[in-house]
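Participant: Okay, handing you the structure first.
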Amino acid sequence: MKKLLMIFAILFAATTVSAQEIYNEVKKIQKQAETFANDTTKNLNERKIACFKYDAIYYLVDRASQEDRFTEYELGQQTDALIEFVNLYVKRLAAAGKKDKEMVKAKFRAASINNSLFNDVDKEVVYSYVDNDKFITNFSLDTDWVKALEAAKQ
């Protein structure tokens, strides 16, 4: 997953990258997350995190295409922020003591829920990970990941 973040850093550093290239990179990252999630030789928790990333990117691209109000560049920014958000969460969760783990979880969960991107009313889909104890990524799929990342960093 660090490789994915590096790809996005390089991608966004280049100012001559076309919107179509960014969109293609988002789709490529989504495919890599799906492949990782289905690789039974990998750690189960890492696979679950990759599964969340895949689902969140799929939701983002699907909803954005329905509303036709986001550019490929904006989708790239959202995807980059999503990956950084989840990676930061996992890092902070690993570094937290027993008492602080619940506080870290609550902060990131709230950042996700309180920063809706589409204001989707289908809460069953949007909150499918929020109250799912089988995943550590208890975040809303309908998230403005750029704003959520900013909130989580504070």
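The values are calculated or read from the model by the stated rules, or taken from the named source; none is laboratory data. Computed from a prediction, not measured in an experiment: that's the story for all the values here. Cβ coordinates were reconstructed from backbone atoms using ideal geometry, including for glycine residues, and neighbour counts include every protein chain displayed. Quick note on the areas: whole protein, heavy atoms, side chains included, nothing else; ligands and nucleic acids left out. Shrake-Rupley method; radii C 1.70, N 1.55, O 1.52, S 1.80 Å.
Participant: At a 1.4 Å probe, what is the % contribution of carbon and sulfur to the accessible area of segment 75-154? If you can, show how the numbers build up before the last one.
Facilitator: On the way: 2180 of 4240 Å².
Answer for segment 75-154: carbon and sulfur cover 52 percent of the accessible area.
Participant: Something else about it: Specify whether the C-alpha gyration tensor of segment 69-154 places it in the rounded, prolate or oblate class, a ≥ b ≥ c being the square roots of the eigenvalues: rounded for a/c under 1.5, otherwise prolate if a/b is larger than b/c and oblate if not.
Facilitator: Values: a/c = 2.24, a/b = 1.40, b/c = 1.59.
Oblate, since a/c reaches 1.5 and b/c is not below a/b.
Participant: Along Cα→Cβ, 7 Å out, is where each label goes; now give me the distance between the ones at ASP68 and ASN132 in nm to one decimal.
Facilitator: The two pseudo-label positions are separated by 3.1 nm.
Participant: What does the net charge come to around TYR89 if you take all other residues with beta carbon closer than 10 Å to its beta carbon, with K and R at +1 and D and E at -1?
Facilitator: Working: positive: LYS91, ARG92, LYS105, LYS107, ARG109; negative: GLU84.
Local net charge: +4.
Participant: Please state the shape class of segment 38-109: rounded when a/c is under 1.5, otherwise prolate if a/b exceeds b/c and oblate if not, all from the C-alpha gyration tensor. List each step's numbers first, then the result.
Facilitator: Details: a/c = 2.87, a/b = 1.62, b/c = 1.77.
It comes out oblate by the Cα gyration axes.
Participant: From the backbone phi of segment 66-82, what are the Karplus-calculated ³J(HN,Hα) couplings (6.51 cos²θ - 1.76 cosθ + 1.60, θ = phi - 60°) in whole Hz, Gly and Pro given as x?
Facilitator: 5, 8, 6, 10, 10, 7, 4, 4, 5, 5, x, 4, 4, 5, 4, 5, 4
Participant: Moving to a separate point now. Order 129-137, 69-77 from most to least packed using the mean count of other Cβ atoms within 10 Å.
Facilitator: Values: 129-137: 14.6, 69-77: 16.6.
Going by the mean number of other Cβ atoms within 10 Å, highest first, we get 69-77, 129-137.
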